[in-house]
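So the structure is just underneath, and the comments pick up after that.
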Amino acid sequence: MQEGKTVQRRSFALAFVGTGAVLAVLGILLHFILDATKTFDLPWFILGIGLAAVLYGVFQLTKGTRLTPTIAFSGKTAKRFLTNNAIMLALMVLIVVICFLEPRFMQIQVLLDILTQSSTRLIIALGICFALLIAGTDLSAGRMVGLAAVISTSMLQTATYANRFYPDLPQIPVFIPIIAAIAACMLFGALNGFLVAKYDMHPFIATLAVQVMIYGACSLYFDLPPNNSQPIGGVRADFTALGQTRLFQIGSFNGISILIPIAVLFTVAIWFVLNKTVFGKNVYAIGGNREAAVVSGVNVFKTILFIFILASFMYGVGGVLEAARTAGATNNYGNGYETDAIASCVVGGVSLNGGIGTVGGIVSGVLIFTVIQYGLQFIGISPMWQQIIKGVIIAVAVAIDMSKYKRK
């Protein structure tokens, strides 16, 4: 094999800055040249890509002292890059194909819609990643989402709604039902953690059992008279505002969903927990080598217990926000959400073998699945074919993950 070449990191960074600057200028020029009725917001996307390239180049320049002074390029590094980013590269190809088939996909509003749909999914995925990082899983996530949605909406209906869950309940402050819903999820999360930590029960079995319990309990609650299993509606405006408020509405611009900054806030918080706290380091330690973590003095019982409690808190928040976004709930709410969350984490690089995974990867995994679902619907692909494509992506992602683990 031909030996690879090396380039100075500074030259590498300046190449990104230069290319990004050219793309940014090109985007601005195309905005005045191209017909917006045919290319829509393509110039602004080119401008955004250019600015992203400039920022990446600046990052390489400013952080160059902490990194190696040179970058090696070879057939081996190229193969590693393709393997590590195969799903992302496939997504880029898919986006190009969708834009070619349906140019309306090249709109900033479409991007904002994708980010809005990704927001609650991201919060749920950030919760479930903790179980995956210790080489476990959490099958109860979706049912906790439904439980939180049902509990919160059942106590936040308008006084004039005909089929109120609690006909005689006064209009209580909005935060009380939200806290109650999240607390209920955290109780079941504590049960998950106790079963796994105390009895060394495999998370798959423990969370499967709790999943069934949650669905049964939620269905019993949902069936209470006078509701009798009727979909919960008539939700108060101060609650739906948590999921339906639009920010920065100016002129024809429809604004940004409040769910997007909420998701960003939780993303930053989870990143901080995983990277800057002792608890986060203990999570990676248990996932990487549980026996070594015990020898190092990590309290495995408390860490695992808190993992599932924290995860259930995230599911509760996700359920509340989903209920606020859709202004209603049923006992089947959240069904299958855990599957999408697990798949998003795996596609984003969280290893099923534990100890490996980043918040940035999870964000990209969620966005990948949302873009695929939204984009295929945009061009009219059958929902059945969408399921097949999602299944293929999950299988490929897991295969890549296992092959990397074997090489290590």
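The values are calculated or read from the model by the stated rules, or taken from the named source; none is laboratory data. A quick note: this is a predicted structure, and the numbers were derived from the prediction, not measured. Here the Cβ positions follow ideal geometry from the backbone for every residue, glycine too, while neighbour counts run over all protein chains shown. Ligands, DNA and RNA are stripped out before the accessible areas are found, and what is left, the full protein with its side chains, is counted by its heavy atoms. Shrake-Rupley method; radii C 1.70, N 1.55, O 1.52, S 1.80 Å.
Can you tell me which residue in the stretch 46-61 is nearest to I71 (Cα to Cα), limited to those that are among the small types (G, A, S) and surrounded by 17 or more Cβ atoms within 10 Å (Cβ to Cβ)? Please lay out each step first, then the result.
Pass one, the stretch 46-61, residues among the small types (G, A, S): 48, 50, 52-53, 57.
Narrowing further to those that are surrounded by 17 or more Cβ atoms within 10 Å (Cβ to Cβ): 50, 53, 57.
Details: G50: 22, A53: 17, G57: 14 Å.
My answer is G57.
Does G328 qualify as being in contact with a Gly (Cβ under 9 Å, 6 or more places away or on another chain) and within 22 Å of A263 (Cβ to Cβ)?
On the way: in contact with a Gly (Cβ under 9 Å, 6 or more places away or on another chain): yes; within 22 Å of A263 (Cβ to Cβ): yes.
Judged against the criteria, G328 is a match.
Quick check: is even one residue across the stretch 30-45 surrounded by 14 or more Cβ atoms within 10 Å (Cβ to Cβ) and either over 24 Å from E102 (Cα atoms) or basic (K, R) (or both)?
Residues of the stretch 30-45 surrounded by 14 or more Cβ atoms within 10 Å (Cβ to Cβ): 30-31, 39-45.
Add one more test, that the residue is either over 24 Å from E102 (Cα atoms) or basic (K, R) (or both), and what stays is none.
Checking the stretch 30-45: not a single residue is surrounded by 14 or more Cβ atoms within 10 Å (Cβ to Cβ) and either over 24 Å from E102 (Cα atoms) or basic (K, R) (or both).
Identify all residues within the stretch 91-113 that are open to solvent by less than 60 Å² (accessible area, probe 1.4 Å) and out of contact with any Phe, Trp or Tyr (no Cβ under 9 Å at 6 or more places or on another chain); write none if there are none.
L91, L94, L112
In the set T116, T160, T137, which member is open to solvent by 10 Å² or more (accessible area, probe 1.4 Å), of a type in the set (S, T, Y) and within 30 Å of I46 (Cβ to Cβ)? Let's see the steps before the verdict.
On the way: T160 fails: within 30 Å of I46 (Cβ to Cβ); T137 fails: within 30 Å of I46 (Cβ to Cβ).
Exactly one of T116, T160, T137 is open to solvent by 10 Å² or more (accessible area, probe 1.4 Å), of a type in the set (S, T, Y) and within 30 Å of I46 (Cβ to Cβ), namely T116.
I'd like to know if the stretch 64-78 contains one or more residues that are open to solvent by 60 Å² or more (accessible area, probe 1.4 Å) and polar (S, T, N, Q).
Yes: the stretch 64-78 contains one or more residues that are open to solvent by 60 Å² or more (accessible area, probe 1.4 Å) and polar (S, T, N, Q).
Could you look through the stretch 46-72, keep only residues that are modelled with pLDDT of 85 or more and either among the β-branched types (V, I, T) or touching a Pro at 6+ places or on another chain (Cβ under 6 Å) (or both), and pick out the one that is farthest from L101 (Cα to Cα)?
Among residues in the stretch 46-72 that are modelled with pLDDT of 85 or more and either among the β-branched types (V, I, T) or touching a Pro at 6+ places or on another chain (Cβ under 6 Å) (or both), the one farthest from L101 (Cα to Cα) is V58.
Taking the stretch 301-327 as the region of interest, how many residues are aliphatic (A, V, I, L, M) and within 17 Å of A206 (Cα to Cα)?
Looking only at the stretch 301-327, we keep the residues that are aliphatic (A, V, I, L, M), and these are 304-305, 307, 309-311, 314, 317, 320-321, 323-324, 327.
If we keep only those that are within 17 Å of A206 (Cα to Cα) too, we end up with 304-305, 307, 309-311.
Residues in the stretch 301-327 being aliphatic (A, V, I, L, M) and within 17 Å of A206 (Cα to Cα): 6 in total.
Of everything in the stretch 349-376, what is in contact with a Phe, Trp or Tyr (Cβ under 9 Å, 6 or more places away or on another chain), among the aliphatic types (A, V, I, L, M) and in a loop (DSSP other than H, G, I, E, B)? Give them in sequence order.
Listed by number, the residues that qualify are L352, I356.
Give me a count of the residues in the stretch 79-90 that are of a type in the set (S, T, N, Q), part of a helix (DSSP H, G or I) and open to solvent by less than 70 Å² (accessible area, probe 1.4 Å).
First, the residues of the stretch 79-90 that are of a type in the set (S, T, N, Q): 83-85.
From what is left, the residues that are part of a helix (DSSP H, G or I) are 83-84.
From the residues that got through so far, the ones that are open to solvent by less than 70 Å² (accessible area, probe 1.4 Å) too are 83.
Qualifying residue count for the region: 1.
Restricting attention to the stretch 1-45, which residues are touching a Pro at 6+ places or on another chain (Cβ under 9 Å) and outside any helix (DSSP H, G or I)? Steps first, answer last, please.
Keep residues of the stretch 1-45 that are touching a Pro at 6+ places or on another chain (Cβ under 9 Å), which gives 8-10, 26-34, 36, 38-40, 42.
Within the stretch 1-45, Q8, L34, F40 qualify.
Just to be sure before I move on: is I124 over 30 Å from D200 (Cα atoms) and of a type in the set (V, I, T) in the structure I sent?
Details: over 30 Å from D200 (Cα atoms): no; of a type in the set (V, I, T): yes.
In short, no.
Quick one: what pairs do we get from the stretch 133-148, first residue at positive phi, second part of a loop (DSSP other than H, G, I, E, B) and surrounded by fewer than 24 Cβ atoms within 10 Å (Cβ to Cβ), C-beta under 6 Å, 6+ apart or different chains?
A135/N353; A135/G354
With the condition kept exactly as written, say whether any residue in the stretch 256-278 is exposed (fewer than 14 other Cβ atoms within 10 Å of the Cβ), on the phi > 0 side of the Ramachandran plot and not aliphatic (A, V, I, L, M).
Taking the stretch 256-278 as the starting set, the residues that turn out to be exposed (fewer than 14 other Cβ atoms within 10 Å of the Cβ) are 261, 265, 268-269, 272, 275-278.
The next check asks that each one be on the phi > 0 side of the Ramachandran plot; those that pass are none.
No, because not a single residue in the stretch 256-278 is exposed (fewer than 14 other Cβ atoms within 10 Å of the Cβ), on the phi > 0 side of the Ramachandran plot and not aliphatic (A, V, I, L, M).
Just give me the residues in the stretch 288-328 being outside any helix (DSSP H, G or I) and either open to solvent by 60 Å² or more (accessible area, probe 1.4 Å) or of a type in the set (G, A, S) (or both), in sequence order. Give the derivation first.
Taking the stretch 288-328 as the starting set, the residues that turn out to be outside any helix (DSSP H, G or I) are 289, 296-299, 327-328.
Result: N289, S296, G297, N299, A327, G328.
For every residue, the table says whether it meets (1) surrounded by fewer than 22 Cβ atoms within 10 Å (Cβ to Cβ); (2) in contact with a His (Cβ under 9 Å, 6 or more places away or on another chain); (3) of a type in the set (S, T, Y).
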residue: V350; (1), (2), (3): no, no, no
residue: G355; (1), (2), (3): yes, no, no
residue: I362; (1), (2), (3): no, no, no
residue: F369; (1), (2), (3): no, no, no
residue: Y374; (1), (2), (3): yes, no, yes
residue: Q377; (1), (2), (3): yes, no, no
residue: G380; (1), (2), (3): yes, no, no
residue: P383; (1), (2), (3): yes, no, no
residue: K390; (1), (2), (3): yes, no, no
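Give the residue that is modelled with the highest pLDDT, with candidates limited to residues of the stretch 1-22 that are in contact with a helix residue (DSSP H, G or I) (Cβ under 6 Å, 6 or more places away or on another chain) and open to solvent by 50 Å² or more (accessible area, probe 1.4 Å).
Selected residue: T19.
For a quick check of your reading of the model, give me the residue pairs whose first member lies in the stretch 215-230 and is within 16 Å of A181 (Cβ to Cβ), whose second is modelled with pLDDT under 95 and open to solvent by 40 Å² or more (accessible area, probe 1.4 Å), with beta-carbon atoms closer than 6 Å and at least 6 apart or on different chains.
Going by the 6 Å Cβ cut-off, the qualifying pairs are F222/S229.
Quick one: I95 ticks every box in (1) assigned to a helix (DSSP H, G or I); (2) at pLDDT 90 or above bar one, so which box is it?
The number of the failed condition is (2).
Out of all the residues in the stretch 59-75, is one or more among the basic types (K, R), in contact with a Phe, Trp or Tyr (Cβ under 7 Å, 6 or more places away or on another chain) and either more than 26 Å from A269 (Cα to Cα) or assigned to a helix (DSSP H, G or I) (or both)? Step through it out loud before you land on a result.
Start the filter on the stretch 59-75 by keeping residues that are among the basic types (K, R), which leaves 63, 66.
Restricting the remaining residues to those that are in contact with a Phe, Trp or Tyr (Cβ under 7 Å, 6 or more places away or on another chain) gives none.
Checking the stretch 59-75: not a single residue is among the basic types (K, R), in contact with a Phe, Trp or Tyr (Cβ under 7 Å, 6 or more places away or on another chain) and either more than 26 Å from A269 (Cα to Cα) or assigned to a helix (DSSP H, G or I) (or both).
Among (1) at pLDDT below 90; (2) within 30 Å of F222 (Cβ to Cβ), there is one condition T339 misses while meeting the rest; what is its number?
Single failed check for T339: (1).
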